[in-house]
1. Classify segment B:54-325: rounded, prolate or oblate, from the alpha-carbon gyration tensor (a ≥ b ≥ c, eigenvalue square roots; a/c under 1.5 rounded; otherwise prolate if a/b is larger than b/c)?
2. B:LYS512's amide H: which non-local residues (gap 5+, or another chain) put their own amide H closer than 5 Å, with H modeled 1.01 Å from N in plane and none for Pro or chain starts?
3. Be a star and scan segment B:223-262 for residues whose amide nitrogen sits under 19 Å from the point 7 Å along the Cα-to-Cβ vector of B:ILE33.
4. How many nm is it between the label spots at A:SER141 and A:HIS316, if each spot is 7 Å from the Cα in line with the beta carbon?
5. Other chains near A:165-172: what is the mean number of their Cβ atoms within 10 Å of each residue's Cβ?
6. Can you pull the one-decimal nm distance between simple spin-label points at B:ALA461 and B:VAL62, each 7 Å off the Cα toward Cβ?
7. Could you give me the ³J(HN,Hα) list for segment A:276-283, computed from phi with Karplus coefficients 6.51, -1.76, 1.60 and θ = phi - 60°, whole Hz, x at Gly and Pro?
8. What number, rounded to the nearest 500 deg cm²/dmol, is the helix-based mean residue ellipticity at 222 nm of the protein assembly as shown, given -39500 (n - 2.57) per DSSP H run of at least four residues and division by all its residues?
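The values are calculated or read from the model by the stated rules, or taken from the named source; none is laboratory data. Since we're looking at a predicted model, the values are computed, not measured. Note that each Cβ is placed from the backbone with ideal geometry, even for glycine, and that neighbours are counted across all protein chains shown. Surface accessibility is based on the protein's heavy atoms, side chains included, excluding ligands, DNA and RNA. Shrake-Rupley method; radii C 1.70, N 1.55, O 1.52, S 1.80 Å.
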Amino acid sequence: MSQVSIEHVYKRFGKVTAVGDFNLQVADGEFVSLLGPSGCGKTTTLRMVAGFERTTEGKITIGEKVVNNHEDGTFVPPEKRDIGMVFQSYAVWPHMTVFQNVEYPLKIQKVDKAERDKKVQNILDMVHLGEYGERYPNQLSGGQQQRVALARALVANPSLLLLDEPLSNLDAKLRESMRFEISALQKRLGITVIYVTHDQSEAMTMSDRIVVMSAGVVQQIGKPYDIYTKPANKMVADFIGLVNFLPGVVKGDRAFLEGTEVSFANDKNLTGNVTIAVRPENIKLSKTGGIVQGTMKHRFYLGDSVDYRVQVGDKHVIRVIIKGIQYGTFADGEPVYLDFDKVMLFNRE
Amino acid sequence: MKHLPRIDSKFIVIALSVLVLLYFIVFPMLILIYDSFVVDGAINFSNYKAVYSQNVNWKALVNTVELSLLVMIASVIITFPMAWLIGRTDLPWKRTFRTILVGSYMIPPYVGAIAWVQMLNPSVGYLNELFKFIFHLSAAPFNIYSIGGLAWVLTLFYSPFAFITISRAMEKMDPTLEEAARVAGASPLRTLWDVTLPLMAPSIVAGGLLVFIAAGSAFGIPAIVGMPGNIEVMTTRIVTFVYMGDDKGIRDATALAVSLMIIANGLLFFMSWLLSRKDYTTISGKSTRPNMVELGKFKHLAFAIVAGYAFVAVILPIGSVVMTSFIKSMSKGLELTNFGIDPWIPVITSAQYMESIGRSLVYGVIAACIGTVLSVFVAYLSVKTNITGRSLPDLLVVLGGSTPSIVIALALIITFSGNYGLNIYSTMWILIVGYLVKYMTMSVRTVAASLSQVHISLEEAALNSGASWLRTCKDIIIPLVMPSIVAGWFLIFMPSFYELTMSNLLYGADTKTIGVLLYELQTYADTQNASVLSVIILVIVLAGNLILNKITKGAVSI
Ligand SMILES: Nc1ncnc2c1ncn2[C@@H]1O[C@H](COP(=O)(O)OP(=O)(O)O)[C@@H](O)[C@H]1O
Ligand SMILES: [Mg+2]
């Protein structure tokens, strides 16, 4: 059974189509991320699920309840959707204490005082803010405020939790630890999550499935591993991880690197001009032999790895990343050989 | 020691502007306060006792406080819901309503008073006649010359202060704070009550206090609407005392003026303290577009209420003066044949009237030019330097701007009629000084806001390439903040042009301004010429605002 179902949803602002033909089924207890560059329609999609925007076309169901259906005009406002939401700007109410902030959803539901106190204390403990109930938000750090927001979103046991770039205002270290904290909390409570981010590593580490979006259109929906290893198109390959794109031509069941005899299996049965894609970490460098020959151009030492640029022919510079190899292995200007592994083919245009 | 001269020129400019400000703003106020407390060489309260033991003065103080409170409360009650409807809901036409409500701020209040007297005076008011006709009444239902009438007109013309303050604060408030309440289960109204209202409280109080001060310091409206009904307030009492012309009258006036100043400036001080408290500031991320609350079945009702208010507050009074200016004979009815441009001919061909208009334009231009130059220095000093005391000039300018006009005028009369050296009494300069003291603050704010956007590195680059500080100002800084300078110019020019309260006390035989002329015409019950002049003022102010809007692309308007 599907917990959230988004069917053929469109959102237009005047002439701008912010979201076009969006389809997604989120299972009970699943963690799904919407990932894409800024302006691709992630927030708009999330706000339609939350009920802050109406769909221009299409239908959204949460649990058993149709919350928005443009055909019969069904529209359930946000306060009746039984959701929790965490915003990028924390949105913790500055005129209420931490306790009062977290208590608010229960107060609205008219939960009695004793029960309320227990639940609030419980969730505050869970986000490590048990001691902070009497503080006002301006006495808390950004990370603590974000945890208050999280506690407030979860306290009433909503059937669905929505998060819109919740970590983007935090510094890098905190962001990383919060990722794991949110993940752990989600597993523990078994809650369904839709998580919006433009940060691919955030999406990769936390999600059961990722929805990659671009310009309002879904490019691919899949598990992190599948998105990374089998990107549906050039956009996805480019957005998730690093990738080299090289021109190729299909002849029969082989795709040839343009102007060379080097070829790869045409496993997708493409025709004509194609793009050959290979990730920097899937290339082997050698001084003695490989399928392509080039010249070492630049080397960047990154501590745990070295990031190389190899000139191939006149037109192409190929990026190669090698973990744990000595910086001094190859010298600038030296001829090197490349071997490609896990090559991906896409239609060119 | 290569850059010593730079520091020198900067220092001289700064010292000069501080001296000028001290001499024209602080010195007169000190003299005023001194005069009010010192009787026969001794400091005491006898002057105040004498003044307030007269019932009429005490009554004026009570009236002022009561009216200001009433107007403040009414303004907040009216403008908060409207700011919410316009800022946070799917109310139709909200941009138009915002423009109208903010724009009503630029109608000179005394023009509004003239219009409402035309509409609601008990003998021939247009609306009174209309109501008598519709409801078959034998007597006029409304009498504008009453406390209620006075409060009504004051509310209509000073509530924009509250509207502007409240709706700006609402725009600045992170809308996700409200959205968080919605997902927590609160209805739009509950959200308004639990989140929006408490978070807006400081701004609501601030907006209300602004209205309180403005209403308490107002002269035009109480003079035109209150005096015929024998309702006196502090400002009208002060004017009456000054008109007596003798020392006793002036001394009585000083006691009233200082009382008014203490109330107004004290409240403003309280207000800036309230707004500067950090408790309520929140981190706000990339601002999202606020969710617009759907009004649903209340949409039409809300639209009707807001449209009705905009109509009554703005369209109706303007319509009334415009219509009156085209009525051939006031004694005949409103028939089509009784309309024409006839009333305009004597006004346009009158040398006296045209001279007044010309004079006001000239005074406005002079005040604006001097004020803009000063504003640039003051703003630069407070935003761009770290000299000790850099914000002192700014503070002095704010002090001038926050002091009631009537108080400034009285202080200038006492100080600059020769007793302390300079005598500019009944020349145009005393008017211009008054305008500068009162209106420079807006232009300093505007220039300072834009200067703070200019990064210091641009300036340092010029200094490093060998330009002097004055040269840097001219070549780098001024061009970058030019739009705000022009805006600042208009912000001094326009209120100076139609100023009444100070001009009414400061004008001399040859310096009668358009505001004073209009006020005289109204008190002589020459409502038609008054209407024609009102329309001329409105047109000029509207034109000024359109230019201002063009220059600043809508970011600043009076
Ligand atoms: N209320 C609105 N009115 C007009 N355009 C909007 C509105 N909200 C979003 N958009 C537009 O829709 C597109 C998607 O925006 P958004 O969903 O915020 O992107 P993301 O969250 O992926 O960065 C953008 O081009 C944005 O300008
Ligand atoms: Mg977004």
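1. oblate
2. none
3. From segment B:223-262, the list is B:251-262.
4. Once both label points are built, they end up 4.7 nm from each other.
5. Details: counts 2, 1, 0, 2, 4, 0, 0, 0.
The per-residue average across the peptide is 1.
6. Rounded to a tenth, the inter-label distance reads 6.7 nm.
7. 9, 10, 8, 7, x, 7, 9, 10
8. On the way: 34 runs with 466 residues, N = 907.
Here the helix-only value at 222 nm equals -16500 deg cm²/dmol.
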